[in-house]
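**Q** Quick one: the structure is below, and I'll ask about it shortly.
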Amino acid sequence: MRVLSGIQPTGNLHLGNYLGAIRNWVRMQDEMTGDAQCFFFLADMHSITVHEGREQRIRNVRDMAAALVAAGIDPDRSVLFNQARVPAHAELAWLLNGTARIGWLNRMTQFKDKVGKDREGASIGLFVYPVLQAADILLYNATHVPVGEDQKQHLELARDIAAKFNSDFGVELFTLPDPIIPKESARIMSFRDGSAKMSKSDPSDMSRINLTDDDDAIMNKVKKAKTDPEPLPETAAGLVGRPEAHNLIGIYATLSGTTPDAVCAEFAGKGFGAFKPALGEVLVDTLRPIRQRFLELRTDDAALDAILDKGAAKAAAAAEPTLRAAYDAMGLMR
Ligand code: TYM
């Protein structure tokens with residue numbers, strides 16, 4: 001078993017990232033036994049598809065590294081690194097560009113969502129982004145990839161690329177990875193619009209809970225979160241067609257380790273005026289210790305850089321044999 005996953009270091013870690021992915025990363029790390037290792041990385045080579053200045057990028061990587069450690073990733077047990085420091089990712093992505101088909105990439109919904117109507121003006125990087133993601137995963141022969149629902153299609157593409165490469169070159173080189181997607185919190189929605197996912201790129205900060213939000217900001221965002229005028233239903237079946245209510249109750253259930261049905265039973269017939277303070281409280285209780293650790297870690301750039309240096313060396317060593325084998329399978333080595 002080899003666990004691997006990545007996150008783009010753009011903006012803050014938010015509640016969607018945390019509940020959709022990072023909590024699972026930490027859980028899987030903590031369940032690892034023996035010499036088995038998890039690989040977690042900052043996808044800074046992916047984030048070049050979003051324009052940022054040099055200083056901002058440097059800050060973003062340290063911010064995200066601190067956020068992951070604060071959330072429970074232990075750099076002594078897991079390999080924590082940033083992608084740009086392990087050139088094997090870019091190299092394998094180029095090799096896989098020979099295998100991936102334009103038709104496959106044309107079907108990627110995330111690309112379509114991101115470019116909207118301006119397809120001609122989109123960067124090539126954004127289009128081939130899922131090939132780099134496949135390289136990230138296949139380099140380490142990852143078997144389990146904990147991600148939110150929105151990454152499912154990219155994982156399927158990684159499997160297709162792996163299978164085609166193996167069959168085209170007659171090798172058993174790449175392992176087909178399985179996505180690990182949480183049942184309840186695979187898709188956390190915006191606090192302003194129950195039909196849009198919570199995201200770093202939403203221009204409204206009120207749409208998301210950031211890991212760095214203080215207690216007051218969290219309570220305020222929950223208070224202002226969009227809801228509907230109906231009271232909470234008796235069972236989760238009554239949440240159909242009520243996306244905002246469904247989202248908030250799902251978050252409460254996930255954070256308090258219960259089910260949406262149990263939350264509905266607890267608050268049945270009450271309005272959101274009664275439910276929201278309870279939700280705010282579990283959010284504050286969950287995020288406060290993470291935020292405090294984050295703020296401490298963020299005071300020491302050198303320590304964060306040392307963690308990433310060590311991680312990059314370990315990752316490069318683990319990636320090298322697969323990269324060499326891919327070159328060899330393609331007849332690029334003598
Ligand atoms: P990214 O940076 O957009 O998000 C990181 C992780 O957070 C999950 N996520 C969510 N889960 C639930 N609800 C939400 N609203 C929500 N928003 C984000 C994502 O599903 C993801 O698991 N392409 C990837 C990064 C990547 C990667 C990889 C992941 C690059 N290479 C290899 C796995 C394996 C991305 O942009 O994630």
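The values are calculated or read from the model by the stated rules, or taken from the named source; none is laboratory data. Keep in mind it's a predicted model, so treat the numbers as computed, not measured. All Cβ positions, even for glycine, are placed from backbone atoms using ideal geometry, and neighbour counts span all protein chains on display. Side chains included, ligands, DNA and RNA excluded: accessible areas come from the protein's heavy atoms. Shrake-Rupley method; radii C 1.70, N 1.55, O 1.52, S 1.80 Å.
**Q** Quick one: in region 1-23, which of the residues that are closer than 11 Å to A71 by Cβ and open to solvent by 10 Å² or more (accessible area, probe 1.4 Å) is farthest from the ligand (Cβ to nearest atom)?
**A** In this case the residue turns out to be R23.
**Q** Pick from L126, L132: which is open to solvent by less than 50 Å² (accessible area, probe 1.4 Å), in contact (Cβ under 8 Å) with a residue 60 or more places away in the chain, part of a helix (DSSP H, G or I) and within 10 Å of the ligand (Cβ to nearest atom)?
**A** Going through L126, L132 in turn, the sole match is L132.
**Q** Does L279 fit the bill of being out of contact with any Lys or Arg (no Cβ under 9 Å at 6 or more places or on another chain), aliphatic (A, V, I, L, M) and in a loop (DSSP other than H, G, I, E, B)?
**A** Numbers: out of contact with any Lys or Arg (no Cβ under 9 Å at 6 or more places or on another chain): yes; aliphatic (A, V, I, L, M): yes; in a loop (DSSP other than H, G, I, E, B): no.
Here the answer is no, as L279 does not meet what is asked.
**Q** Being open to solvent by 20 Å² or more (accessible area, probe 1.4 Å), farther than 27 Å from N12 by Cβ and within 15 Å of the ligand (Cβ to nearest atom) narrows it down to one of R159, R85, so name that one.
**A** When all the criteria are applied, what remains is R159.
**Q** Looking at F191, F165, which is the one that is in contact with a Phe, Trp or Tyr (Cβ under 7 Å, 6 or more places away or on another chain) and more than 8 Å from the ligand (Cβ to nearest atom)?
**A** F165
**Q** Restricting to region 187-212, name every residue that is open to solvent by 30 Å² or more (accessible area, probe 1.4 Å), of a type in the set (A, V, I, L, M, F, W, C) and not in a loop (DSSP other than H, G, I, E, B).
**A** Answer for region 187-212, where residues must be open to solvent by 30 Å² or more (accessible area, probe 1.4 Å), of a type in the set (A, V, I, L, M, F, W, C) and not in a loop (DSSP other than H, G, I, E, B): just M206.
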